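Only one structure is covered here, and it is reproduced in the block below.
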Amino acid sequence: MPIDKPQFSVAIIGGGVAGMTLTIALAKRGIDVRIYEQAPQFTEIGAGIAFSPNAKQAMEQCDPLVHEAYLRVATSSGSPDKINTWYDFVDSYTGSEQWLFDVTRDAPADGCHRAHFLEEMIKLVPEGVAQFNKHLDKIMENGRSNPLTLNFSDGTTAEADIVIGSDGIKSSVRGILFGQDAPEAKPTYTHRYAYRGLLNMDNAIKALGKDLATNRTMHMGQDGHVLTFPVAHGKILNVVAFRYDTDEWTDARLVVPTTKESAKQDFKDWGAKVRALLDLLEDKLDKWAIFDLGDHPLPTYAKGRVAVIGDAAHATGPHHGAGAGICIEDSAILAELLHTAWNRLEEQSTKVAKTETLEKVLEVFDAVRRERTQWLVQSSRDSVELYEWRDRLCKRDPAKLKEQILWRNHKIWRVDIRDMVAEANRKLEEQIV
Ligand SMILES: Cc1cc2nc3c(=O)[nH]c(=O)nc-3n(C[C@H](O)[C@H](O)[C@H](O)COP(=O)(O)OP(=O)(O)OC[C@H]3O[C@@H](n4cnc5c(N)ncnc54)[C@H](O)[C@@H]3O)c2cc1C
């Protein structure tokens, strides 16, 4: 028996980059979508974020307005001849800040302040679509052809025909799919932690000199690296200082308070410029444990009408600067698949067809996304070994390091997202004829 419109409803759990971009992409396609976020509002941490060419294509594919929102806040290197430079790699360990090599793109390399991008994206989420203070606890199935029921911690419920968990590295939805105690539900400590800061650019120039401060720089060294790039149209320098750690991470929190002294102690053997840079950090800071899903990659991103995307599906270390970008790829592809399903169900809308079609959408999503996203997780682990001179084959050899860094990044950057979408749609069309 035909059913009333709308064709189906989508519930998105978690309003980070993945959930926000998917929400905007679906809303722009006229699909009935709600996003449930556990926090009282959309929030971002005070830190920078960089986006690679694939991420920008994916933004465009989600909706051109997402890409425009990013371009309004994007900041490239300060020197005109370095606009396409992803990073200048320098030796900051032996004290010389000696330039070793650069890695450039075919297009501008840029980043932004996370909060500035978020402010722009919030403007694209239609009124009434987002609900806050909604921590998802459970998803209940009430018969194959009926909507799923979502249970939130505040005792309220909601219904949706399909549920997408974009609830980050500690995902509740992943726990629901695999069991809270399953290895897949638990991220692994990658034996790296990071100090992060946003510095006034004038002060950073005094510490590093104009060239190093205003251009994107990867300060390499033994068992650590410090990356810097300008944000806020060059007024602020984003700093992330990573350290290799032989210990286990025993705190249940992934972010713990620490002090500048701890950061200075960790880099006490490094060159004067990096030490001067770290001296500009706030006295009280946070230390970020870098976890990923690399030890227990998920065997599937979807079961029935429930799926995970973004960090919930494939949380990665940040060493390609591509974790959020690949989340946006997920959003672009899933939005297009759901749009195809929406149009198809408009012609042929029965309860059975709806459930089967939504299951096929998620099966195809899983099939087209798992390999690339899980490769990124492993490659991020390999890349940090390169930056920190721990790779046994490359050691400190600039030519070998560059070769490794280059092919890995080309695999991330040199893709055509429209082709990925077309391929995914082709697979779906084959399944739902
Ligand atoms: C140090 C560092 C630097 C990085 N730099 C970059 C970079 O330069 N470029 C890049 O592309 N990537 C970078 N990344 C990776 C990037 O930040 C992440 O991949 C990305 O932010 C993940 O987005 P997400 O939406 O999947 O998850 P999140 O941003 O974690 O969002 C999850 C959301 O879900 C909500 N939530 C959680 N549980 C529930 C629940 N049960 N119910 C309801 N809501 C829930 C949370 O409150 C949160 O809002 C970096 C990561 C780190 C750690």
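The values are calculated or read from the model by the stated rules, or taken from the named source; none is laboratory data. Quick caveat: nothing in here was measured; it's all calculated off a predicted structure. Virtual Cβ from ideal backbone geometry, glycine too; neighbours counted across all protein chains shown. Just the protein is used for accessible areas: all its heavy atoms, side chains included, with ligands, DNA and RNA removed. Shrake-Rupley method; radii C 1.70, N 1.55, O 1.52, S 1.80 Å.
Consider the range 5-55 and keep the residues that are of a type in the set (Lys, Arg) and either touching a helix residue (DSSP H, G or I) at 6+ places or on another chain (Cβ under 7 Å) or modelled with pLDDT under 95 (or both). The one that is farthest from the ligand (Cβ to nearest atom) is 5. Would you check if residue 338 is at pLDDT 95 or above, crowded, with 20+ Cβ neighbours inside 10 Å and in a helix (DSSP H, G or I)? Criteria met by residue 338.
Within the range 278-335, the set of residues being more than 14 Å from the ligand (Cβ to nearest atom), open to solvent by 10 Å² or more (accessible area, probe 1.4 Å) and outside any loop (DSSP other than H, G, I, E, B) comprises 284, 302, 303. The single condition from (1) closer than 26 Å to residue 292 by Cα; (2) open to solvent by less than 40 Å² (accessible area, probe 1.4 Å); (3) within 23 Å of the chain's Cα centre (by Cα); (4) of a type in the set (Val, Ile, Thr) that residue 139 fails is (3).
The residues of the range 382-433 that are assigned to a loop (DSSP other than H, G, I, E, B), open to solvent by less than 40 Å² (accessible area, probe 1.4 Å) and of a type in the set (Val, Ile, Thr), listed by number, are 415, 432.
May I ask you to say which residue of 228, 250, 246, 258 is under 26 Å from residue 110 (Cα atoms) and either polar (S, T, N, Q) or in a loop (DSSP other than H, G, I, E, B) (or both)?
Step by step, each of 228, 250, 246, 258 is checked, and only 228 is under 26 Å from residue 110 (Cα atoms) and either polar (S, T, N, Q) or in a loop (DSSP other than H, G, I, E, B) (or both).
Within the range 187-199, residues that are more than 10 Å from residue 248 (Cα to Cα) and open to solvent by 20 Å² or more (accessible area, probe 1.4 Å) have Cβ atoms under 9 Å from residues that are polar (S, T, N, Q) and within 9 Å of the ligand (Cβ to nearest atom) in these pairs: 196/238; 198/238, counting only partners at least 6 apart in sequence or on another chain. Considering each residue of the range 311-344, count those that are closer than 20 Å to residue 423 by Cα and in contact (Cβ under 8 Å) with a residue 24 or more places away in the chain, and give that number. Residues meeting the conditions: 19. Inside the range 19-54, residues that are in a helix (DSSP H, G or I) and open to solvent by 10 Å² or more (accessible area, probe 1.4 Å) make up a count of 3. Restricting attention to the range 202-225 and to residues that are buried (at least 20 other Cβ atoms within 10 Å of the Cβ) and within 23 Å of residue 116 (Cα to Cα), the residue that is farthest from the chain's Cα centre (by Cα) turns out to be 204.
Within the range 231-243, the residues that satisfy the criterion of being part of a strand (DSSP E or B) and either open to solvent by less than 20 Å² (accessible area, probe 1.4 Å) or at positive phi (or both) are 231, 237, 238, 239, 240, 241, 242. Consider the range 336-367. How many of its residues are within 29 Å of residue 180 (Cβ to Cβ) and among the small types (Gly, Ala, Ser)? Total meeting the criteria: 1. Which of the residues that make up the range 67-88 are of a type in the set (Val, Ile, Thr) and at pLDDT below 95? Answer for the range 67-88, where residues must be of a type in the set (Val, Ile, Thr) and at pLDDT below 95: there is none.
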